[in-house]
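Beneath this line is the structure, given in structure tokens, with notes to follow.
The values are calculated or read from the model by the stated rules, or taken from the named source; none is laboratory data. Since we're looking at a predicted model, the values are computed, not measured. Methodologically, a virtual Cβ is constructed for each residue, glycine included, from the backbone with ideal geometry; neighbour enumeration extends over all protein chains shown. Heavy atoms of the whole protein, side chains included, go into the accessibility calculation; ligands, DNA and RNA do not. Shrake-Rupley method; radii C 1.70, N 1.55, O 1.52, S 1.80 Å.
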Amino acid sequence: MSGLLRRLLALWVRFKIRPEDARERLAGRSLPLCYVLERRSLTDLAVLQLATRALGLPRPDRPLASAAGSLGGSFYLTQPRSFWSTRPDRRPPPQLAQMLRALRADPEADFLLVPAAVFWGRAPQREDSWLKLLLVEDWVLATRVRKFLQVLFNGRDALVELDEPLSLRALVGDELGGALRGRRVARALRALYARRRAVRIGPDLSHRRTIVNEVLRTRAVRAAITQEMRGRALTRRKALLRARGYALEIAANYSHAFVRFMEYALSRLWNRLYDGVELGHLATLEAVAEGNEIIYVPCHRSHMDYLLLGYAIYVQGYAVPHTAAGVNLNLPVVGRFLRKGGAFFIRRTFKGNALYTVVLMKYLATIMARGHSLEYFIEGGRSRTGRLLQPKTGMLAMTVRSYLKEPRRPVVFVPVYFGYERLVEGRTYVSELSGAPKEKESVLGLLRSWRVLRERFGKVYVNLGEPIALEGLLDAREPAWRTQHFDDDTKSPWVGGAVDELAQRIMRNINSAAAVTPINLIAMTLLAMPRQGLPEADLARQLELYRALLEACPYGDRVTLTTLSGPEMIEYGIALRQVTREAHTLGDIVRMSESAAVLSTYFRNNILHLFALPSLIACVFVSNAQVSTWDIRRLAGRIYPYIAAELFLRWEEAELPGVIEAVLKALAAHGLIEPEPSMDGWTRAPPASPQAMQLALLAQATVQTIERYYIVVAQLVQAGSGTLDEATLTQRCQLAAQRMTLLYGLNSPEFFDRSLIENFIGLLRARNVIRAGEGGRLEFDEVLIAVAQDAQFVLSEQLRHSILQVMHA
């Protein structure tokens, strides 16, 4: 019977074997191999036999010789109690008891147990029909009918996984008891299978109501309900119903079948919208997926982010994370579908609502304890400028505190960078950046957005950044944290500092995994021109310079860079309708329209941090033909802390001299500057040379940032120490920046962004350059005066006069 079943399955079933080096791991072992299957299934055993035959490994149906007699080459860890029952029998398998007797009979004997699993409908990177979606692999013990249907509909899409062999003698230890040791081995194997299944299809989340009830039974929630009763004069029933309402408002309703369906639907959607979705640095996930609680912390560029990360990792064979979404997306019908895909909803603000806060924290703790990965956007909302926003640490703090209270599984944060070449919300962002109010999400708005399916949006890049292990960060901040007791009332000052450090590291690691596309480089080049146009030959030369600089001075080993040449990048930009070509007798001109220029600042800002230091050094040569290396280091060192905080740059200040040296050499290698030994410095390229224009264009990338800093410093110096308070200074600077934008046609809405101005003023205070004096008025000394005087090295006289003229007006 088994031979006939195996031959029939060989005609229909197609499977992949993981890991790819399974044969090298298992072949040539001196000890006998015994395969272990989690659940009784003749079908799974037959597929395992096909897989081992394909790999040239010992087959599961061969006998094993031992001191206790002949043993089978495989056994099931769990099987039904009877032919008609689906209730699992969790007693140690008889084969395992025989093996233990063999070990007792022969002290030198041992067996290698090979945990094997067959997943139906879960092979990665496959797309299937809708009929297969209801029969995907899950945590339920399959009936014979369901197994038949799984083979029928998902038989071409199977995954066979062979784990690292385990020594049976090592599992039982030194003492070889009877059933007790058998239960110990079975328990260890079940735990291993649970981890493997969680990695492949996500952990068993049971029913949504089960999780909600588990949250409501926690001591912290019960205490919060009691407090709610006292504080708001509610009956216990009303307070409990309020807590339950909060939990139901938050909780996801994850469905494996729905996720499988969405894989099919999203594959169709991405093929229609994009030219491809590229997941970078997948090895990162392979290294940390098993045994850790994974928390994905992406940047937030678009509403598509919610779907893209889950899709990208799911098709690679990993579980979809539970994703934190704003309650504004809990729309009729749409919200229900998002919940089934793993979304849980949180309010934008819940300050002062202690009961909601506790319910949310305990929901997160429950999900983490069950082993499900999480995803939340550390910036809080979508960036409208393309820069990373300052991190919101609320969810991070909840995660860290939940872990400190119950450190069950190591927590690893995986930063994620999203890189788009066009945005589905592009028109909306342009209107919002131009002053229009944010459009509220609605079902009608979602339906109207379907017309974008007729457009082409280029490629999407999903790059995984350097993971951050929470335990390592906590060890560095507080080595004795494991010996401390944490509960809901514990207030440890160092925890807040650890959360802030974690947030900054996440942001830096996101930027260190940037994807540089042709659209980014085109935007950066053309926005440096007054009318956003360049001769095609000059544009191609500048694009290739930027690519060469990133190759010569790599920002990090996770930055991905386009391989297209300059002319190919231009053709690509024209194909995506980001730029146009205008014919001219002396050579074609490539330019972007005024409306396209506003949105192009978004794509320039995506990679601005990669060119921050080269551009800053180029600024020094705008007004100076020759500059000493000492002056370059001094000026860069003075400005770097502020740009580093704004753009989340990766280098510490102590690393700066070495980085500056590498950038100077790279600029010299391309002829933009030349060494000047007589003054231990550098000379810029001759004014009429192409290299001089390239240097000037490179400088424009950070000129506007330095201009904004100069506006703040000049306002303070002009008013005098102890004259302006912070609110007045911020308002004056924002008005001056807005006026400059109107007068000089700057296509950069973030130039007068109030939050950027406030952050710079905050940094000046943090570094003690300015101080709050009597009545909150800002005081300063000669340090700020020196900063203002240094502006002449990096800003041209014309720019400084323009700023001062606007301020006087």
Where residues in the stretch 337-355 are within 19 Å of Ile225 (Cα to Cα) and of a type in the set (Gly, Ala, Ser), which of them is surrounded by the most Cβ atoms within 10 Å (Cβ to Cβ)?
Ala354
How many residues, within the stretch 739-767, are surrounded by fewer than 14 Cβ atoms within 10 Å (Cβ to Cβ), more than 34 Å from the chain's Cα centre (by Cα) and of a type outside the set (Gly, Ala, Ser)?
3
Only one of (1) surrounded by fewer than 16 Cβ atoms within 10 Å (Cβ to Cβ); (2) farther than 20 Å from Leu189 by Cα does not apply to Asp61, and that is (1)
Only one residue in Ile295, Ile313 is open to solvent by less than 10 Å² (accessible area, probe 1.4 Å), within 30 Å of Thr393 (Cβ to Cβ), part of a helix (DSSP H, G or I) and of a type in the set (Val, Ile, Thr), so which one is that?
Ile313
Residues in the stretch 655-671: is at least one more than 29 Å from Phe418 (Cβ to Cβ) and not in a helix (DSSP H, G or I)?
yes
Residue under question is Val598, and the condition is that it be part of a loop (DSSP other than H, G, I, E, B), open to solvent by 10 Å² or more (accessible area, probe 1.4 Å) and either modelled with pLDDT of 90 or more or in contact with a helix residue (DSSP H, G or I) (Cβ under 7 Å, 6 or more places away or on another chain) (or both); does it hold?
no
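Table: residues versus (1) under 31 Å from the mean Cα position of the chain (by Cα); (2) more than 27 Å from Thr385 (Cβ to Cβ); (3) aliphatic (A, V, I, L, M).
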{"site": "Arg558", "(1), (2), (3)": "yes, no, no"}
{"site": "Ile570", "(1), (2), (3)": "yes, no, yes"}
{"site": "Ile574", "(1), (2), (3)": "yes, no, yes"}
{"site": "Ala583", "(1), (2), (3)": "no, yes, yes"}
{"site": "Gly587", "(1), (2), (3)": "no, yes, no"}
{"site": "Ser595", "(1), (2), (3)": "yes, no, no"}
{"site": "Leu599", "(1), (2), (3)": "yes, no, yes"}
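Rundown of residues vs (1) open to solvent by less than 30 Å² (accessible area, probe 1.4 Å); (2) within 30 Å of Leu586 (Cα to Cα); (3) among the polar types (S, T, N, Q); (4) part of a helix (DSSP H, G or I), yes/no style:
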site: Lys491; (1), (2), (3), (4): no, no, no, no
site: Trp494; (1), (2), (3), (4): no, no, no, yes
site: Gly497; (1), (2), (3), (4): yes, no, no, yes
site: Pro530; (1), (2), (3), (4): no, yes, no, no
site: Leu539; (1), (2), (3), (4): yes, yes, no, yes
site: Leu543; (1), (2), (3), (4): yes, yes, no, yes
Sort out which residues of the stretch 244-262 are in a helix (DSSP H, G or I) and either open to solvent by less than 10 Å² (accessible area, probe 1.4 Å) or β-branched (Val, Ile, Thr) (or both), and write them in order of number.
Ala247, Ile250, Val259, Arg260
Taking into account only those residues within the stretch 778-787 that are closer than 12 Å to Thr723 by Cα and in contact with a helix residue (DSSP H, G or I) (Cβ under 9 Å, 6 or more places away or on another chain), which is most open to solvent (accessible area, probe 1.4 Å)?
Phe780
Considering (1) modelled with pLDDT of 90 or more; (2) farther than 16 Å from Lys362 by Cα; (3) open to solvent by 30 Å² or more (accessible area, probe 1.4 Å); (4) of a type in the set (A, V, I, L, M, F, W, C), say which one Ala233 fails and leave the rest.
(1)
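Residues in the stretch 67-82: is at least one touching a Ser or Thr at 6+ places or on another chain (Cβ under 7 Å), at pLDDT 85 or above and under 15 Å from Gln95 (Cβ atoms)?
Checking the stretch 67-82: not a single residue is touching a Ser or Thr at 6+ places or on another chain (Cβ under 7 Å), at pLDDT 85 or above and under 15 Å from Gln95 (Cβ atoms).
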Take the stretch 612-638 and flag every residue that is more than 22 Å from Pro554 (Cβ to Cβ), in contact (Cβ under 8 Å) with a residue 60 or more places away in the chain and aliphatic (A, V, I, L, M).
Val620, Val622, Val627, Leu635
Can you spot a residue in the stretch 132-142 that is outside any strand (DSSP E or B), of a type in the set (D, E, K, R) and at pLDDT 75 or above?
no
(1) surrounded by fewer than 16 Cβ atoms within 10 Å (Cβ to Cβ); (2) modelled with pLDDT of 85 or more: which one isn't true of Val334, the others all being true?
(2)
Return yes or no: is Leu649 at pLDDT 95 or above, open to solvent by less than 60 Å² (accessible area, probe 1.4 Å) and farther than 30 Å from Arg777 by Cα?
yes
Given (1) touching a Leu at 6+ places or on another chain (Cβ under 9 Å); (2) in a loop (DSSP other than H, G, I, E, B); (3) in contact (Cβ under 8 Å) with a residue 60 or more places away in the chain, index of the condition Phe350 fails
(3)
Search result, residues across the stretch 560-588 that are open to solvent by 40 Å² or more (accessible area, probe 1.4 Å), not basic (Lys, Arg) and not in a loop (DSSP other than H, G, I, E, B)
Thr560, Leu561, Pro567, Glu568, Glu571, Tyr572, Ile574, Ala575, Thr580, Glu582
Spot the failing condition for Val416; the list is (1) open to solvent by less than 20 Å² (accessible area, probe 1.4 Å); (2) touching a His at 6+ places or on another chain (Cβ under 6 Å), and only one is missed.
(2)
Give me the pairs, please: first residue somewhere in the stretch 773-800 and touching a residue at least 40 places away in the same chain (Cβ under 8 Å), second residue anywhere and acidic (Asp, Glu) and surrounded by 12 or more Cβ atoms within 10 Å (Cβ to Cβ), beta-carbon distance under 6 Å, and either six or more positions apart or on two chains.
Gly773/Glu779; Gly776/Asp725; Arg777/Asp725
